[in-house]
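Have a look at the structure below, then the notes.
The values are calculated or read from the model by the stated rules, or taken from the named source; none is laboratory data. Keep in mind that what you see is a predicted model, and the values were worked out from it rather than measured. Glycine also receives a Cβ, built like all others from the backbone with ideal geometry; neighbour counts cover every protein chain displayed.
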Amino acid sequence: MTTFTTWDIVRNLLLATQWTILLSLVAFVGGGVAALLALLARTSQNRAARRLAVFYIELFQGTPLLMQLFLFFFGLSLVGVNVPPWLAAALALILWTGAFLAEIWRGCVEAIPRGQWEASSSLAMSYFEQMRHVVLPQALRIAVPPTVGFSVQVVKATALTSIIGFVELSKASTMITNATFQPFVVYGFAALIYFALCWPLSKSSQLLERKLNVAHRNH
Amino acid sequence: MAVGLDFGALADYVPVFVKGVGVTVELTVVGGTLGISLGVTCAWVKTQGPKLLRPVVSLYVELIRNTPFLIQLFFIFFGLPSIGVSMGEMEAAILAMVINLGAYACEIIRAGIEATPRGQFEAGASLAMSRFQTFRHVVLRPALQRIWPALTSQLVIVMFGSAVCSQIAVEDITFAANFIQSRNFRAFEAYIVATLLYLALAILLRQGMRLLGTALFPRRRAAR
């Protein structure tokens, strides 16, 4: 019988961590793009676009992520597309992240005083010009801390993709447990690795918030 | 391949879903009640309690808030038995939910306590109340009222998170959907129904918390 040293366990967990990080990045960047589109629709003059954005946001915020993963995984196969777990995982996580970031960013856009919109429209700027040159640069500043904070949720959410069979840190933990029969050690290390990924993000979000608040007070 | 939805195929499995809803409600109600109690206790320690305990609570909160619920659940259900602490899947699921919610609720409730005006503490002290009495009778209720919406949202998040408990064979809504799709291969239909059930439960939970809020905090306080 093969014996496994603790180093074997940690090494293999770290190998799988790459996939957790990659999936988090894909979900965060893709979710950012989705959120930007949803944000533009949500704050636009067009009523249908606004409704559609609200529906998208409510749908993905109002149902469990695990259900969304299952629906993507099995739903796309139903229409005859064979979906590998990584694709279903990436798609579901991107849309889930987008729905949350869109609401976070909407709060930031709405925190910009009305006068800024009025001033820029008095300069004959179109909606997109107003967004691009006046509102977004200011909103971006207040958006940084909550966005970094939400990235922690994204990293943790990737753990759920193990359930539809995507091999990342959580799935690897289960597989290694099945081989080594040391669940305490394996899940303990997995938790520590997640902590090492998430804690710096949480902390920097807190620090950024404090820093930007100080700047705000001095202005 | 014929493509089509057939919700009729689920008709035989209604009792499975009913049981699933019952288990999810049980997890949410028991886990929610105990979790919020734990959160109140931890918030008390962090703001008023013994200074020695504060780093312990901080460590607990940071550890839980920065690791996925799935790993916490697996650690409790699969990991703890190897050091001699074993429990059934339902107990493990509820324990994981309590520990998870406790950490988030602690931070939320702490924010509510810290927003209490100094005068409230001073008024309590001037009535010869002990620090604990002041906390219990003066500070806690308005603090909870302040953060009630945030606590409600967190409870909904925890209910959605409970879907993961199906992975340790807790027979909740997700487990029901998994079971049904393994029998009749109608995966998409089963998960759509499960998703709608979660959606309905979330709406009910929000309404329930609103009612509980009006019962707990009868006086409408004027905005300060």
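Points to keep in mind about this one:
- Extreme residue, nearest to the other protein chains (Cβ to nearest Cβ), among residues of the stretch A:172-188 that are under 20 Å from A:TRP86 (Cβ atoms) and out of contact with any Leu (no Cβ under 9 Å at 6 or more places or on another chain): A:THR174
- Selected residue [crowded, with 20+ Cβ neighbours inside 10 Å, of a type outside the set (A, V, I, L, M), more than 27 Å from A:HIS133 (Cβ to Cβ) and free of Cβ contacts under 8 Å to residues at least 24 places away in the same chain] from A:PHE70, A:PHE55, A:PHE74: A:PHE74
- Looking at the stretch A:110-219, the helices (runs of 4 or more DSSP H) lying wholly inside it that each contain 1 or more residues that are free of Cβ contacts under 8 Å to residues at least 24 places away in the same chain and over 27 Å from the mean Cα position of the chain (by Cα) sit at A:114-122, A:169-180, A:183-218.
- Looking at A:LEU197, A:LEU169, A:LEU160, A:LEU192, just one residue is among the aliphatic types (A, V, I, L, M) and within 7 Å of chain B (Cβ to nearest Cβ), and that residue is A:LEU160.
- Counting the residues of the stretch B:65-92 that are more than 10 Å from every other protein chain (Cβ to nearest Cβ), crowded, with 17+ Cβ neighbours inside 10 Å and of a type in the set (Gly, Ala, Ser) gives 1.
- Residues located in the stretch A:29-45, provided they are touching a Leu at 6+ places or on another chain (Cβ under 9 Å) and without any contact (Cβ under 8 Å) to a residue 40 or more places away in the chain: A:ALA41
- Condition check for A:THR158: modelled with pLDDT under 95, buried (at least 18 other Cβ atoms within 10 Å of the Cβ), out of contact with any strand residue (DSSP E or B) (no Cβ under 8 Å at 6 or more places or on another chain) and not hydrophobic (A, V, I, L, M, F, W, C): no
- Scan of the stretch B:59-77 for residues that are free of Cβ contacts under 8 Å to residues at least 60 places away in the same chain, more than 16 Å from the chain's Cα centre (by Cα) and part of a helix (DSSP H, G or I), ordered by number: B:LEU59, B:TYR60, B:GLU62, B:LEU63, B:ILE71, B:PHE75, B:ILE76
- Set side by side, the residues B:PRO55, B:PRO81, B:PRO68 differ, and just one is modelled with pLDDT under 95 and of a type outside the set (D, E, K, R), which is B:PRO81.
- The one condition from (1) within 24 Å of A:ALA159 (Cβ to Cβ); (2) surrounded by 14 or more Cβ atoms within 10 Å (Cβ to Cβ); (3) within 13 Å of chain A (Cβ to nearest Cβ); (4) not hydrophobic (A, V, I, L, M, F, W, C) that B:GLU171 does not meet is (3).
- Lone qualifier among B:LEU95, B:LEU38 - being away from every other protein chain (no Cβ under 14 Å) and closer than 30 Å to A:PHE181 by Cα: B:LEU95
- Some residue of the stretch B:43-64 being over 16 Å from B:LEU151 (Cβ atoms), surrounded by 21 or more Cβ atoms within 10 Å (Cβ to Cβ) and within 13 Å of chain A (Cβ to nearest Cβ): no
- Residue list for the stretch B:109-132, filter: under 19 Å from B:SER37 (Cβ atoms) and either surrounded by fewer than 18 Cβ atoms within 10 Å (Cβ to Cβ) or within 14 Å of chain A (Cβ to nearest Cβ) (or both): B:ARG110, B:ALA111, B:PHE132
- Checked against the criterion of being in contact with a helix residue (DSSP H, G or I) (Cβ under 7 Å, 6 or more places away or on another chain) and outside any helix (DSSP H, G or I), the stretch A:68-81 contains not a single residue that satisfies it.
- Just one of the numbered conditions (1) under 14 Å from A:LEU40 (Cα atoms); (2) in contact with a helix residue (DSSP H, G or I) (Cβ under 6 Å, 6 or more places away or on another chain) is not true of A:GLY107: (2).
One line per residue, one yes/no per condition, for (1) modelled with pLDDT of 95 or more; (2) under 15 Å from B:LEU196 (Cα atoms); (3) within 12 Å of chain B (Cβ to nearest Cβ):
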| position | (1), (2), (3) |
| --- | --- |
| A:GLY62 | no, yes, yes |
| A:SER77 | no, no, yes |
| A:PRO85 | no, no, no |
| A:LEU93 | yes, no, no |
| A:PHE100 | yes, no, yes |
| A:ARG106 | no, no, no |
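One line per residue, one yes/no per condition, for (1) among the hydrophobic types (A, V, I, L, M, F, W, C); (2) modelled with pLDDT under 95:
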site: A:PRO145; (1), (2): no, yes
site: A:VAL167; (1), (2): yes, yes
site: A:PHE181; (1), (2): yes, yes
site: A:TYR194; (1), (2): no, no
site: A:HIS219; (1), (2): no, yes
